[in-house]
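One structure is given below, encoded as structure tokens.
The values are calculated or read from the model by the stated rules, or taken from the named source; none is laboratory data. Fair warning: this is a prediction, and the values are worked out from it, not measured in the lab. Positions of Cβ are backbone-derived with ideal geometry, glycine not excepted, and every protein chain shown enters the neighbour counts.
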Amino acid sequence: MDLTNFLSLAILVLAASAVSWDATPFNPASVPLAVRSPYLSAWLPQGAGTPLNGAWPQFWTGSILGWAGYIRVDGDTYTFLGDPVVAGAKSAVQKSLEFTSTQSIFVMTAGPVDINVNFLSPVEPTDLLRQSIPFSYLALSAVSNDGGSHNVSVYTDISAEWVSGDDSLTVNWTTTTGNILTHQVMLENQELFTEHSDHIQQGAAYYSTLNSSSVTYQTGQDAVVRAQFINNGVLANTEDPNFRAVSDNWPVFAFAHDLGIVSTIATAPVIYTVGHVRDPAIQYIVANDVYQPRSVYFWSAYSSVADLISDFVVDYSAALGRAQAFDQKVQSDASAISSNYANVVALSVRQAFGALELTLSKNSDGSWNTDDILMFLKEISSDGNVNTVDVIMPAWPVLLYTNPTLGKYLLLGLLEYQATGQYPNAWAAHDLGSSYPNATGHNAGNDEAMPLEECGNMLIMVLSYTQKSNDVSLITQYTDLLNQWTGYLVAEALIPANQISTDDFAGALANQTNLAIKGVIGIQAMSVISSILGNAVDQQNYSSIVQRYVPQILDYATSSDGLHLTLNYGNESSWGLSYNLYADKLLGTNVFPESVYDMQTAWYATVVNTYGVPLDTRHTYTKSDWELWTAAIMTNTTTRDIFIDSVYQYAADGESHQPLGDWYETLNGAVDGFRARPVVGGHFALLAL
């Protein structure tokens, strides 16, 4: 990196930090608030410095999710959450923001009282039940900041925008009282397995809190309900009977808590939970073109949503402890690489897991089949496909790091479907269905064709799962499929045809070096799989093919000056991120000599722009996942850290207001079209090795 780029980076760091509050570790473009599933995904669009009460929370698409919060101090009311416009309220002042892997914590000053606002979206990858729960927490506590004592009450509400992408549709609602107070809101006319603007048109949103004598509730028009609290400090314990459209006098569902006298000792937190539940959640193609309805895994332990909410609300303290332990582990492990790396992965965790849903089926007698667990991933923001193989692949490192078994459950749906023989192509399928949550396959074989890409991906992921878990079930049960895909690679990997790769937005290209790299590593992966299975003949056969192919690939793909690999064979002036070499390190296959890694490491240090190394010479954009995959294969820490620091700079530059986009310009940090995608799980590439 030249001096000009170093100076530009320093200036951008200063500009991005120019906000009025303390930010730890930095101010991200969008702050995750409640992010647990493709349909429970609420974010604060912060941009260059929007406070918690400076904008409405948004769904990952950018549509508004009404979520308002007030605090009343000695008769004066302050807004701390959302952007409601109701007479009589002042604005609290944001004092600080901190985010971890699972939490976003704001401190807002409301006159003589500070309110701590903690959004906790648990990430519990080793506990399938808890990980499957599509609910998140909001915890509020207050403390005097002037040494005095003050009378304090707090208020929050959600709108019906949480249940539809079309605000003209009619919703209905109920409020359940008892030990737990719960507002439930849902579309009057449900559409099974159907989205509108990426919002599911099925199921219900739930907003809950523990009941007590200090709690009041109310449903009704937004301005009316909010004014009730602003003027009185309590709600009316009434329910609006007039079901109507989301945008018709904007119905909201509110709670208020009287905290009593608040002094210099922080109050015990008031806990709210917000969630979205639908059942069935997924339809999945099984043998004979039959569609199987599947439910979210938590139903195996709960007979009703009310029972789930009861447990979830009272579990907050324990959930917070588990979250803090998880946060600390990620922070500690990633900090051993660098502080900037730790900051990037912390921002990535909730986004990666927020695209996933764990499911199970029912037995013929109606009981839950807990032996039939499949996990589904929505290709958020790009195509909306189900279990897209070349989206799972970049996200794969976060699963290997947190719990490889989750990776198995993602791959199983793809393997089981193709093992039925319904998919007609000789190569691995691109995905399980064109439109989430419909995992209905591609029996016509008309999915997006990425033959080399997906065959290599599946073989690499299956072997890496087997190595990390010591579980041979996948390679034992699906040996024929794996051999079939390896056969395709043997025929096609040496001289790649005019195909697209996972970077399909860059277009098709013949003789892509990176595809050849993936293909030959995929063949070697099958050699290792064959060895594990005790098949010495196949092991030796595949290994000998790799030994023949690698020197030829390097001959075709190395520039004549010997300084770098080319983007495609014979294109001397071209180059690209050879991120597919990462799989060679991950699997320990040693397909490519160390001199190749040294060569690429030296080359990339000479072609760095302000925000990183371009994806290839066709464009100036890059991908953050591939930047950090490439960082993981660098042979010196200086070049490794150039990649890491570039992604950190992009994440912290304040130039965007949307959930982290993985595709961006290396010259100015502008986002190129993606947001909130789970591929940020690839930021864990260095931790998965």
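Against the condition under 15 Å from residue 433 (Cβ atoms), touching a residue at least 60 places away in the same chain (Cβ under 8 Å) and among the hydroxyl-bearing types (Ser, Thr, Tyr), how does residue 338 come out, does it pass? Against the criterion (under 15 Å from residue 433 (Cβ atoms), touching a residue at least 60 places away in the same chain (Cβ under 8 Å) and among the hydroxyl-bearing types (Ser, Thr, Tyr)), residue 338 does not qualify. Among the conditions (1) outside any helix (DSSP H, G or I); (2) out of contact with any Leu (no Cβ under 9 Å at 6 or more places or on another chain), the only one that residue 227 does not satisfy is (1). Selection within segment 216-231: residues that are crowded, with 18+ Cβ neighbours inside 10 Å and of a type in the set (A, V, I, L, M, F, W, C). The member of this set that is nearest to residue 160 (Cα to Cα) is 225. For residue 291, are the conditions met, namely being in a strand (DSSP E or B), within 26 Å of residue 193 (Cβ to Cβ), touching a helix residue (DSSP H, G or I) at 6+ places or on another chain (Cβ under 8 Å) and at pLDDT 95 or above? When the stated conditions are applied, residue 291 does not pass them.
Within segment 510-545, the residues that satisfy the criterion of being touching a residue at least 24 places away in the same chain (Cβ under 8 Å) and surrounded by fewer than 22 Cβ atoms within 10 Å (Cβ to Cβ) are 510, 511, 528, 532, 533, 538, 545.
Of 342, 352, all but one fail to be in a helix (DSSP H, G or I), more than 30 Å from residue 291 (Cα to Cα) and not assigned by TED's automatic domain parsing to the domain that holds residue 195; the exception is 342. Applying a threshold of 8 Å to beta carbon distances and a minimum spacing of six or more residues, or different chains, the list of pairs starting in segment 224-249 at a residue that is closer than 16 Å to residue 74 by Cα and in contact (Cβ under 8 Å) with a residue 60 or more places away in the chain and ending at one that is in a loop (DSSP other than H, G, I, E, B) and of a type outside the set (Ser, Thr, Tyr) reads 229/235; 230/86; 230/87; 230/88; 231/88; 233/75. From the list 369, 425, 443, the one residue that fits, being part of a loop (DSSP other than H, G, I, E, B), touching a strand residue (DSSP E or B) at 6+ places or on another chain (Cβ under 9 Å) and either more than 26 Å from residue 494 (Cα to Cα) or not aliphatic (A, V, I, L, M) (or both), is 443. Restrict the check to segment 101-117 and report whether at least one residue is in contact with a helix residue (DSSP H, G or I) (Cβ under 7 Å, 6 or more places away or on another chain), surrounded by 23 or more Cβ atoms within 10 Å (Cβ to Cβ) and of a type outside the set (S, T, N, Q). Within segment 101-117 (the criterion being in contact with a helix residue (DSSP H, G or I) (Cβ under 7 Å, 6 or more places away or on another chain), surrounded by 23 or more Cβ atoms within 10 Å (Cβ to Cβ) and of a type outside the set (S, T, N, Q)), the answer is no, since none of the residues qualifies. The single condition among (1) without any contact (Cβ under 8 Å) to a residue 24 or more places away in the chain; (2) buried (at least 24 other Cβ atoms within 10 Å of the Cβ) that residue 367 does not satisfy is (2). Among the residues of segment 653-674, the ones that are acidic (Asp, Glu), in a loop (DSSP other than H, G, I, E, B) and more than 16 Å from residue 628 (Cβ to Cβ) come to 3 in all.
Scanning segment 446-456 for residues that are part of a loop (DSSP other than H, G, I, E, B) and under 30 Å from residue 280 (Cβ atoms) yields 446, 447, 448, 450. Among the conditions (1) buried (at least 17 other Cβ atoms within 10 Å of the Cβ); (2) among the polar types (S, T, N, Q); (3) without any contact (Cβ under 8 Å) to a residue 60 or more places away in the chain, the only one that residue 267 does not satisfy is (3).
So if I check each of 205, 254, which one is over 28 Å from residue 144 (Cα atoms), within 29 Å of the chain's Cα centre (by Cα) and buried (at least 23 other Cβ atoms within 10 Å of the Cβ)?
205
Checked against the criterion of being closer than 20 Å to residue 36 by Cβ and in contact (Cβ under 8 Å) with a residue 24 or more places away in the chain, the candidates 385, 403 yield just one match: 403.
If the condition is being in a helix (DSSP H, G or I) and under 29 Å from the mean Cα position of the chain (by Cα), then segment 551-600 contributes 579, 580, 581, 582, 583, 584, 585, 586, 587. Look through segment 126-159, keep the residues that are among the aromatic types (Phe, Trp, Tyr) and within 26 Å of the chain's Cα centre (by Cα), and return whichever of them is nearest to residue 32 (Cα to Cα). Out of the qualifying residues, it is 137. Against the test of being out of contact with any Ser or Thr (no Cβ under 6 Å at 6 or more places or on another chain) and either at pLDDT below 95 or small (Gly, Ala, Ser) (or both), the options 384, 366 yield a single qualifying residue, 366.
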